[in-house]
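S.K.: Mind having a look at this structure? Questions to follow.
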Amino acid sequence: MPTYQAPLRDIAFVAHELLDLAGHYQQLVDCEALDPTTFDAIVEEGAKFAAHQLSPLNAIGDEHGCRLHEGKVTTPPGFAAAFHQFAGNGWLGLDKDPTYGGQGLPPTLGFVIHEMLCSANHAWTMYANLTGGAISTLSAHADPVIKQRYLPALIAGRWTGTMCLTEAHCGSDLGLLRTRAVPQDDGSYRISGSKMFISAGEHDLAENIVHLVLARIEGAPAGIKGISLFVVAKHQVNANGQVGELNGVSCGAIEEKMGIHGNATCVLNFDGACGHLLGEANRGINAMFTFINESRLAVAQQAQAHAESAFQGALGYARERLQMRASPRLNPEQPADPIIGHADVRRMLLTQKAFAEGGRMLAYACAQDVDRLHHAGEPALRDAAARRLALLTPIAKGFLSEAGNEAAQLGIQVFGGHGFIRESGMEQIARDVRITTIYEGTNAIQGIDLLTRKVFADNGQALGELLAEIEVFARAPAVPAELAQPLLNQVAAWREVSAALQALHHNDANLVGASAFDYLMQSGYTLLGYYWLRAACLADQALAAGSDEQAFYQGKRETARFYLQRLLPRATLHRTLIESGSSNLMTITDSAFGR
């Protein structure tokens, strides 16, 4: 069973060398005091909690799962105690508003902590990150009375939060939802309906659970234009923020899932539960997207975190497992060598490493824009951050979840037959990470969102700004041409494919759907290539300066070369598939699927 250890040196590389977070914080409001020493100290404490408290509970959570009895869910042994310790030490409020008990630190720091928690124990971490999403949504859309009533308890971890969208008859097509809201004389609403796939919907970690629920007010328009967002607590909350009687919310079942067994995925029934409107009536989707977009970035990190865990497990095993003779021999005195000496094992390990470390660069870069969105003093900087973040979010969620799944499968493969059995822990990683390509919108939906709402909607302006930034960097004299040119070729291809799809999709109703996934993957491979090229240049500078960390920087340089030469060319395949059009999918008759 692999034991997680936070990759603190690589986290520091991304935070301090690649992204210069200290200089970044100096440009933000109320973040200037966070210096590198303080940053590292907080991260080290988070790493200890992840390694010592959460990692030992990971297999326990998978084995025991959650149990439902008479409407109440019991989480796996140790989960509640760990949550109380986490909340009691103030981690939930790390980057939250000090007005309601938070510490007001920049979101990038929260992203770093979140990655380590996910690597150590994905299922447990979901209780915390869903609460964070509820806090952000209430902060953005609730009126002052509701904020004061709910936010202090959520930030303190006395209560947790959920997002309630899905119903049995509608998955991502939220316009079909049937949950209804009936206005009351006191301004509240009575919420009735059923929601499914509600992560952390019922548990024993906190005294109350705050559900953010999409519902349709009586008489509202059909479709998504008639959906509103409500806050509905498991226990009613009085004007002073005190917990009262049960509120007509019950857990009807918990799902028997492939993975993340330690998190209770619930069917929730709302039977005339008291709720309060968040934001404007009939604009619930707009308000809920605060939660959805934050969750998409959280899912990107979940997948990247699993890539890290799979790499750590596979690397340790590959250094110890003796099988056959390598060339050159690593262990000439023995009849066999560690499998890390074999070319194909190195291919798998380097792929895992490239995805784990490259994904970290992309996730933290997204976090920088979240910082700017909330803490930049100038409106122009906030607007630019919002545009860039809107573009990067579907790429990060979609691409990194596919990469995380591949890294997990490679982890099993490195272990061989031992990876297929539960004892190694690698098969749990593969089961747990699988959900990341599905929830918060499947990756085809991410690709459609990327194309239609991000690239087509502004005629490629935000994309053009990103591509120009990459080209300026890659063409700089100090950047090695043998590494830069493959990236420049893919940037040109990304631009050409984007323009072609924008020009042609009006004539083919199926072109976007047929191209979306491959466009997402082409985008992701190219974008990760940009971060690996930047990492290679930093490594070259450190090596040229005579750094005493030669092995670290040499490893960074060699992984960058591997990515740009071995993984980046996959983008060309995705372009080829896009250019094949939609007819090879849509002109096929239904009988072709027959048996």
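S.K.: Would you pick out the residues in segment 87-109 that are buried (at least 24 other Cβ atoms within 10 Å of the Cβ) and in a helix (DSSP H, G or I)?
M.R.: Once the filter is applied, which keeps residues that are buried (at least 24 other Cβ atoms within 10 Å of the Cβ) and in a helix (DSSP H, G or I), segment 87-109 yields Leu92, Gly93, Pro107, Thr108, Leu109.
S.K.: Report, by residue number, each residue of segment 155-184 that is of a type outside the set (Val, Ile, Thr) and in a strand (DSSP E or B).
M.R.: Those that are of a type outside the set (Val, Ile, Thr) and in a strand (DSSP E or B): Trp159, Gly161, Met163, Cys164, Glu167, Cys170, Arg180, Ala181, Pro183.
S.K.: Has segment 222-238 got at least one residue that is on the phi < 0 side of the Ramachandran plot, basic (Lys, Arg), in contact with an Asp or Glu (Cβ under 9 Å, 6 or more places away or on another chain) and buried (at least 17 other Cβ atoms within 10 Å of the Cβ)?
M.R.: Yes: segment 222-238 contains one or more residues that are on the phi < 0 side of the Ramachandran plot, basic (Lys, Arg), in contact with an Asp or Glu (Cβ under 9 Å, 6 or more places away or on another chain) and buried (at least 17 other Cβ atoms within 10 Å of the Cβ).
S.K.: Then there's this: If a residue must be under 20 Å from Thr290 (Cα atoms), in contact with a Lys or Arg (Cβ under 9 Å, 6 or more places away or on another chain) and not in a helix (DSSP H, G or I), how many such residues does segment 425-470 contain?
M.R.: Residues flagged as under 20 Å from Thr290 (Cα atoms), in contact with a Lys or Arg (Cβ under 9 Å, 6 or more places away or on another chain) and not in a helix (DSSP H, G or I) within segment 425-470 amount to 2.
S.K.: Any idea which of (1) surrounded by fewer than 22 Cβ atoms within 10 Å (Cβ to Cβ); (2) under 27 Å from Phe289 (Cβ atoms) is the one Gly71 doesn't satisfy?
M.R.: (2)
S.K.: Against the condition assigned to a helix (DSSP H, G or I), under 19 Å from Gly464 (Cβ atoms), without any contact (Cβ under 8 Å) to a residue 40 or more places away in the chain and in contact with a Ser or Thr (Cβ under 9 Å, 6 or more places away or on another chain), how does Val497 come out, does it pass?
M.R.: no
S.K.: Here's another thing I want to ask about it. Identify the residue in segment 462-493 that is within 25 Å of the chain's Cα centre (by Cα) and free of Cβ contacts under 8 Å to residues at least 40 places away in the same chain and, among all such residues, is surrounded by the fewest Cβ atoms within 10 Å (Cβ to Cβ).
M.R.: Glu469
S.K.: Given Glu320, Glu333, Glu256, Glu308, which one is farther than 19 Å from Ile191 by Cβ, touching a helix residue (DSSP H, G or I) at 6+ places or on another chain (Cβ under 7 Å) and among the charged types (D, E, K, R)?
M.R.: After ruling out the rest, the residue left standing is Glu308.
S.K.: Which ones in segment 305-339 are surrounded by 19 or more Cβ atoms within 10 Å (Cβ to Cβ) and in contact with a Lys or Arg (Cβ under 8 Å, 6 or more places away or on another chain)?
M.R.: Glu308, Phe311, Asp337, Ile339
S.K.: Which one is surrounded by the most Cβ atoms within 10 Å (Cβ to Cβ), of the residues in segment 545-577 that are outside any helix (DSSP H, G or I) and under 27 Å from the mean Cα position of the chain (by Cα)?
M.R.: Looking at residues that are outside any helix (DSSP H, G or I) and under 27 Å from the mean Cα position of the chain (by Cα), I get Leu568.
S.K.: What do you reckon, is Gly187 in contact (Cβ under 8 Å) with a residue 12 or more places away in the chain and outside any loop (DSSP other than H, G, I, E, B)?
M.R.: So Gly187 fails the test.
S.K.: Among the candidates Gly262, Gly358, Gly275, which residue alone is part of a loop (DSSP other than H, G, I, E, B), buried (at least 17 other Cβ atoms within 10 Å of the Cβ) and at negative phi?
M.R.: Gly262
S.K.: Name the single residue, out of those in segment 200-259 being outside any strand (DSSP E or B), more than 28 Å from the chain's Cα centre (by Cα) and among the aliphatic types (A, V, I, L, M), that is modelled with the lowest pLDDT.
M.R.: Applying the filter and picking the extreme gives Ala239.
The values are calculated or read from the model by the stated rules, or taken from the named source; none is laboratory data. Bear in mind that the values here come from a model prediction, so they are computed numbers and not experimental data. Cβ: placed from backbone, ideal geometry, glycine included. Neighbour counts: every protein chain shown.
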